[in-house]
Amino acid sequence: MLTLDHLPEGTLIPRYDRSRLRTRIVHIGFGAFHRSHQAVCADILAAEHHSDWGYCECETNTFNQGELVNALRQQDMLYSVTEMADSGLSTRVVGVVKQALYRNGDGIDTIIAAMCQPDVAIISITVTEKGYCYQPATGQLITDHPAIIHDLAHPEDPESVPGVILAAIRRRRDAGLAPFSVMSCDNMPENGHVTRNVVTQLAERLDPALADYIRANITFPSTMVDRIVPAMTAEAFNTLKEKLGCADPVGVECEPFFQWVIEDNFVSGRPEWEKAGAELVADVLPFEEMKLRMLNGSHSLLAYLGYLAGYEHISDCMEDAAFLQAARKLMLDEQAPTLRTENVDLVAYADSLIARYQNRAIRHRTYQIATDGTQKLPQRWLDSIRWHLNNGSRFDLLALGVAGWIRYVGGVDEKGQPIEINDPMHEELARLVASSQEGEARVTALLSLKSVFGDDLPDSTLFREKVIHAYQLLLKLGAKEAVRQVVMAD
Ligand code: NAI
Ligand code: CS2
């Protein structure tokens, strides 16, 4: 258990008066990323700028058993974040959590009540792309999603994230409380719009007047978030224990890099995040697209092909010159031309990403990044592919990425070992794989997934042909050699 006694010299601990903090942000999704990103930013503000913005952390889903929330409560709501670089480590104990709740222990009503505390001005979210119950290809609410079906029948006992937020909005409106803003910090383009769409579309079906209230009163600022935070492993917990001199089951390890670009559109105030290094802007989309396509797009390429090639971590991929080249070429030749960023040196950005991927102190597994591909491909690769189809330009690495994903979801690796596919659409993927023959037919079957590829891409002969070509290359040569050939092709 983490305590502030006997921590190693140099550890940053909260020296500010924690009783000054008020619960002004309720956060949904107390995952590794939030703990090392938004919460750290709030901690810097409390420590260095007398901020009183404290957090209530919530787990709203039906599967969370409260391990982290209970451990946090035992540690006086404290946990550690360790930045890992090849040159050394640095640890900070975060003190801004005031409250922590989880559905299966505290009940959803307690969580909704926490969101209805008068001081609460912001609901923030990191629940992975699939937590929004939206269709990645269209951005619309999935109305036949089991959790949405449940929430339409039981709006007072919601299970979905849109349903929980809607219940809190309704309760606050009925109590005459000021509205809050809802800020997604998940890796989706226009994540604010996605969140507004799903919440408003659910409201339309339940109570159109509430949908009107939302349109008039609630804002959904978009954000671009960046910090590489691998899932903790037993090995990482051991390192942490050695470093801290005590176990911290809520502790996380992350890279030193931090970036947060926020659309400045809050109805009831916000922390002065800019004082802790965030950028507040009018339009986040160009930043989101840059990060999603250059960073996340190359991450996914490395994840599928790297996994197939037997590379366990992103830093292992970086030791293969062809993989490093593939990531850099994807960023600069196939993603950068599609972007609308102004005054950003994209070559320097690409080089900084490669340097971050080479950090061997963080062990970011290709398998972790390969999860939930159906939720990630559209914003990371497919919009860029559409751009190339319109512009008549080459997209060989993007096509190889799609082929790598198809090979991966085939469920058997290059050594004949099974791959456990972690994806909300895994049943549908397995059905398509089982009903198609290996080769061209497999590609055609997977590309028929309209909720991922839309109506247009499956009909593009050029797209289909390029993916089939890349897939045949993967089958014939294996991932290592296929990457090498595509990189050398110019
Ligand atoms: P994690 O696995 O540690 O946490 C995921 C969180 O989402 C957990 O709190 C879980 O309970 C919650 N969740 C999952 N499905 C849910 C659902 N259906 N309803 C409600 N809650 C649900 O993952 P991590 O690392 O915190 O990442 C979460 C998201 O943060 C990512 O998917 C991404 O969108 C964003 N992100 C992550 C980064 C990273 O490097 N880990 C960096 C930038 C953004
Ligand atoms: C990764 C991201 O898991 C993934 O899909 O690409 O979580 C990535 O680590 C972050 O977006 C970096 O900010």
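Tell me, in nm to one decimal, what length is gained between D212 and K241 on full extension, where the rule is 0.36 nm per residue of separation less the Cα-Cα distance?
Answer, rounded to one decimal: 5.3 nm.
I need the calculated FRET efficiency for the pair A489 and A355, taking r as the beta carbon distance and R₀ as 30 Å, to the nearest 0.05.
Efficiency, rounded to the nearest 0.05: 0.70.
So which lysines pass the test for K476, namely a Cα distance under 21 Å, with those fewer than 8 places away in the same chain ruled out?
In chain and number order, the partners are K415, K466.
Mind putting a number on the dipole of region 44-201 about its Cα centre? Charges go on the C-beta only, +1 for Lys and Arg and -1 for Asp and Glu, and I need it in Debye to the nearest 20.
320 debye
Taking R0 as 22 Å, what FRET efficiency do you get between L477 and N391 from their Cβ-Cβ distance, rounded to the nearest 0.05? Please report the intermediate quantities before stating the final value.
Values: r = 29 Å, r/R0 = 1.31.
After rounding, the FRET efficiency stands at 0.15.
Distance in nm between label sites at R171 and V267, each 7 Å beyond Cα in the beta-carbon direction?
If labels sit at R171 and V267, their model points lie 1.7 nm apart.
Across region 285-488, how large is the tail of the calculated P(r) beyond 26 Å, expressed as a percent of all Cα pairs?
Result for the distance tail: 27 percent.
Rounded to whole Hz and in sequence order, give me ³J(HN,Hα) for region 120-136 from the Karplus expression 6.51 cos²θ - 1.76 cosθ + 1.60, θ = phi - 60°, writing x for Gly and Pro.
Result, ordered by residue: 5, 10, 9, 10, 10, 9, 9, 10, 6, 4, 6, x, 8, 6, 10, 8, x Hz.
Once the principal axes of the Cα atoms of region 129-184 are found, what is the range along each, listed largest first in whole angstroms?
If we take the Cα atoms of region 129-184, the spans are 36, 25, 13 Å.
Going out from 0 in 10 Å bins, what whole percent of all Cα-Cα distances in the chain drops into each bin?
4, 19, 29, 27, 16, 4, 0
Report the percentage of all Cα-Cα pairs in region 90-144 whose separation exceeds 13 Å, rounded to a whole percent.
75 percent
Treat every Asp and Glu Cβ in the chain as -1 and every Lys and Arg Cβ as +1, leave all other atoms uncharged, and give the resulting dipole magnitude about the Cα centre to the nearest 20 debye.
Roughly 20 debye, rounded to the nearest 20.
Where in region 115-151 is the amide nitrogen less than 19 Å from a point lying 7 Å along the Cα-to-Cβ axis of H193?
129-130, 132-142
Can you work out D for region 259-351 in µm² s⁻¹ from Stokes-Einstein, where Rh is the Kirkwood radius over C-alpha pairs, the temperature is 37 °C and the viscosity is 0.692 mPa s? Please report the intermediate quantities before stating the final value.
Numbers: Rh = 15.0 Å.
So the translational diffusion coefficient is about 219 µm²/s.
Run the quick spin-label model on E465 and V412: label points 7 Å from Cα toward the beta carbon, then report their separation in nm to one decimal.
3.0 nm
Just for the chain, what percent of DSSP beta bridges are antiparallel, to the closest 5?
35 percent
Order 28-40, 206-218 from most to least packed using the mean count of other Cβ atoms within 10 Å.
Highest mean packing first, the order is 28-40, 206-218.
Using a Cα-Cα cut-off of under 17 Å, which aspartates and glutamates could be cross-linked to K243, ignoring same-chain neighbours fewer than 8 residues away?
Cα-Cα hits under 17 Å: D5, E9, E83, D86, E235, E253, E255.
Going highest first, how would you order 64-71, 440-447 by mean Cβ packing within 10 Å?
Numbers: 64-71: 16.6, 440-447: 18.8.
Highest to lowest by the protection proxy: 440-447, 64-71.
If Lys and Arg each add +1 and Asp and Glu each add -1, what is the summed charge of the other residues whose beta carbon sits under 15 Å from the beta carbon of T91? Spell out each step's value before the answer.
Values: positive: R15, R35, R92, K241, K243; negative: D5, E9, D43, E83, E242, D248, E253, E255.
Result for the local shell: -3.
For region 18-281, what does the alpha-carbon gyration tensor say about shape, rounded, prolate or oblate, given a ≥ b ≥ c as the root eigenvalues, a/c under 1.5 as rounded, and a/b over b/c as prolate?
In terms of gyration-tensor shape, prolate.
Report the trypsin sites (Lys or Arg not before Pro) located in region 249-341 that are in a DSSP loop and have at most 16 other Cβ atoms inside 10 Å of their Cβ, or state none.
R340
With unit charges on the beta carbon (Lys/Arg positive, Asp/Glu negative), name the residue among Y349, L457, T444 whose Cα is farthest towards the positive pole of the charge dipole of region 285-488.
Y349
Can you find, among Q259, F30, F180, the residue sitting farthest towards the positive end of the charge dipole of region 18-281, where Lys and Arg contribute +1 and Asp and Glu -1 at Cβ?
Working it through, the farthest residue towards the positive pole turns out to be F180.
How do the peptides 414-425, 243-254, 453-464 rank, highest first, by the average count of neighbouring beta carbon atoms within 10 Å per residue?
243-254, 453-464, 414-425
Straight-line reach from K130: which lysines fall under 23 Å, measuring Cα to Cα and dropping same-chain residues less than 8 apart?
Hits, sequence-local ones excluded: K291, K376, K450.
Charges only on Cβ, +1 for Lys and Arg, -1 for Asp and Glu: so what's the dipole of region 285-488 about the Cα centre, in debye to the nearest 20? Please report the intermediate quantities before stating the final value.
On the way: 23 positive and 27 negative charges, 52 e Å.
Using only the charged Cβ atoms, the result is roughly 240 debye.
Only sites in a loop by DSSP and with at most 12 other Cβ atoms within 10 Å count here; which trypsin sites (Lys or Arg not before Pro) in region 95-195 make the cut?
none
Can you check how the C-alpha radius of gyration of region 43-135 compares to 2.2 N^0.38 Å, as a plain ratio?
Details: Rg = 15.4 Å, N = 93, 2.2 N^0.38 = 12.3 Å.
Compactness ratio reported: 1.25.
How many angstrom lie between the Cα centre of region 252-310 and the Cα centre of region 37-74?
Result: 19 Å between the Cα centres.
Go through region 38-118 and name the chymotrypsin sites (Phe, Trp or Tyr not before Pro) that are in a DSSP coil and have 12 or fewer other Cβ atoms within 10 Å of their Cβ.
Filter output for region 38-118: F63.
I need to check one value: relative contact order of region 285-488, counting alpha carbon pairs closer than 8 Å and at least 6 residues apart, in percent. Walk me through the numbers on the way to the answer.
Numbers: 248 pairs, mean separation 55.8, N = 204.
Normalised by residue count, the contact order of region 285-488 is 27 percent.
Normalising by the residue count of region 18-281, find the relative contact order in percent from Cα pairs under 8 Å and 6+ residues apart.
Averaging sequence separation for qualifying contacts and normalising by length gives 22 percent for region 18-281.
Values in this text are rule-based calculations from the coordinates and carry no lab data. Only a predicted model underlies this, so the values are computations on that prediction, with no experimental measurement involved. Positions of Cβ are backbone-derived with ideal geometry, glycine not excepted, and every protein chain shown enters the neighbour counts.
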